[in-house]
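This report concerns only the one structure given below.
The values are calculated or read from the model by the stated rules, or taken from the named source; none is laboratory data. In this text the structure is predicted, and so the values were computed from the model without any measurement. Glycine gets a Cβ as well: all are built from the backbone with ideal geometry, and neighbour counts include every protein chain shown. Heavy atoms of the whole protein, side chains included, go into the accessibility calculation; ligands, DNA and RNA do not. Shrake-Rupley method; radii C 1.70, N 1.55, O 1.52, S 1.80 Å.
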Amino acid sequence: KSTALSNLPIPAPGDETKSVPLPQGWRCYMSPEGCRYYVNTGSKETTWERPSAAYGTPVRPPAQRNSLPEGNINLLCSSSSFLSSSPSDVSQKPLSLVSHSLEFVSLFFCIQINCVTFPLPSVTPDQPEQQLLKPNEWSYCDYFWTDKKDPQGTPSVGGFEVLLQKQLKGKQMQKEMAEFVRERIKIEDEYSKNLSKLSQSPLAAQEEGTLGEAWAQLKRSCHDEAEVHLKFSNKLQCEVEKPLLTFRDNFKKELKKYDHHIIDLRKQLASRYAGVEKARKALADRQKDLEVKTQQLDIKHMNKHEEDIKKARRKSTQAGDDLMHNVDLYNRAQSKWFEEMVTTSLELERLEVERVEMIRQNLRQYTTLRHETDMFNQSTVEPVDQLLQSVDPAKDRELWVQEHKTGELRPVDMDI
């Protein structure tokens with residue numbers, strides 16, 4: 001790269017010929033000192049010399065051409081170090097060049113989407129591509145920076161809002177799971193009460209013998225089963241439903257805190273962006289005013305016009321300082337938003353992992369309790385099975401006859 005534009009000898013105002021139009025791709029700008037310089041919008045070269053109409057190149061030899069200071073543009077794209085330079089450093093840079101650098105940032109290097117500045121992909125061969133913050137992990141902090149678009153391609157919701165909606169959906173799913181468990185608890189309670197009531201029924205209470213014993217055991221098993229389901233209901237409430245609801249309440253508080261924090265930072269960023277746009281417009285107006293007064297000086301060499309040019313230069317310089325200050329504030333606000341977006345998205349990621357793991361553990365506890373209930377229920381019917389296997393109608397008949405016999409003598413024929 002050749003030396004910076006500010007190191008070239010500054011030509012006096014009015015040296016250039018204005019009657020011949022500039023070649024295609026070249027534009028003319030005015031420095032705070034009132035001197036014109038030229039920028040090639042294609043190659044980004046800058047020069048104090050007016051390009052020739054025939055070849056679209058400056059009159060001076062190529063060795064004296066100057067590319068637009070690439071470092072400035074890169075710094076503007078990535079940080080605010082260029083814009084926060086000391087006054088002595090800034091004074092060495094044409095303020096109109098600063099404005100033009102910002103313009104090139106918007107047109108060639110960066111793009112603003114909803115007040116957020118993003119780099120354009122593959123702008124220059126030496127511009128490295130952004131690397132993922134957490135490669136191969138599909139982390140939230142890498143994939144939700146821009147706004148989600150609707151089917152028509154119009155941005156409809158911010159990336160953080162997409163993340164937040166997923167978390168809110170997870171919270172709702174957790175609430176519905178807790179409601180499901182609560183309904184199962186109600187069913188178990190009602191079932192337990194009905195089984196207990198049924199076990200006290202007098203139906204078939206007069207059955208006798210081994211079958212009567214088996215029937216009585218079956219009724220007792222209903223009572224035991226009622227106790228099993230009551231315990232199952234109580235454990236579901238303490239070990240499944242209550243943890244689900246407790247985690248959901250804490251989860252809700254965390255989401256609310258992160259939501260409000262990011263919204264506040266995004267509002268600050270939008271405010272800083274509006275300040276940059278306002279300052280950019282003010283600088284453009286001041287430069288235009290300076291150019292008009294300089295052109296008037298070319299025509300009329302008067303002391304009054306020279307004083308007006310000095311004032312216009314001071315205002316242009318102040319406008320440039322204001323723009324640099326506003327861009328610095330914007331970059332700081334965006335950096336803060338970026339840091340909090342990364343931190344918060346990772347926190348949401350952690351919360352989601354905790355939510356899924358917590359629900360998985362609670363559902364496993366549900367299945368464990370269910371298996372235990374089945375085992376207890378099986379234990380209540382095992383004695384019934386044993387007694388049913390030992391039912392012996394012959395023995396029942398023997399016992400019953402012994403208890404209720406009325407006589408062993410049988411009738412005989414009558415003799416005459």
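Within the set of other residues whose C-beta is less than 13 Å from the C-beta of Leu195, count the net charge using Lys and Arg as +1 and Asp and Glu as -1. Charge balance near Leu195 sits at -1.
When each of the peptides 344-353, 388-397 is scored by the mean number of other C-beta atoms lying within 10 Å of its residues, the order from highest to lowest reads 344-353, 388-397. The 3J(HN,Hα) values that the Karplus relation (6.51, -1.76, 1.60; θ = phi - 60°) gives for region 391-406 are, in residue order, 4, 9, x, 5, 5, 4, 5, 4, 5, 5, 5, 4, 7, 10, 5, 10 Hz. Gly and Pro appear as x. Heavy atoms of the protein chains alone define the surface here; on that basis region 211-357 has 57 Å² accessible area per residue at 1.4 Å probe size. Lys175 sits with roughly 70 Å² accessible to a 1.4 Å probe, with DNA, RNA and ligands left out of the calculation. For Glu45, the amide hydrogen comes within under 5 Å of the amide hydrogens of Asn40, Leu68, counting only partners 5 or more places away or on other chains and with H modelled in the peptide plane. Computed 3J(HN,Hα) for region 288-294, one whole-Hz value per residue from the Karplus formula 6.51 cos²θ - 1.76 cosθ + 1.60 where θ = phi - 60°, is 5, 5, 5, 5, 5, 5, 5, glycine and proline marked x.
Here the 3J(HN,Hα) profile of region 153-165, calculated from phi with Karplus coefficients 6.51, -1.76 and 1.60 at θ = phi - 60°, is x, 8, x, 10, 8, x, x, 5, 5, 4, 4, 5, 4 Hz, Gly and Pro shown as x.
Output the pairs from Lys148/Lys256; Lys148/Lys336; Lys175/Lys219; Lys134/Lys278 with a Cα-Cα distance over 27 Å in this structure; if there are none, say none. Write out the running numbers ahead of the final one.
Values: Lys148/Lys256 21 Å; Lys148/Lys336 22 Å; Lys175/Lys219 39 Å; Lys134/Lys278 37 Å.
The answer is Lys175/Lys219; Lys134/Lys278.
Stretched out straight at 0.36 nm per residue, the stretch from Asp415 to Ser335 would grow longer than its current Cα-Cα span by 16.0 nm.
Order Trp215, Trp26, most accessible first, counting only protein heavy atoms with a 1.4 angstrom probe.
Working: Trp215 90, Trp26 20 Å².
So the residues, ranked largest to smallest area, are Trp215, Trp26.
In plain terms, the chain from Ala274 to Arg350 could stretch by 23.9 nm, reckoned as 0.36 nm per residue minus the Cα-Cα distance.
Label-to-label distance, Val292 versus Gln200, with points set 7 angstrom from Cα along the beta-carbon direction: 10.0 nm.
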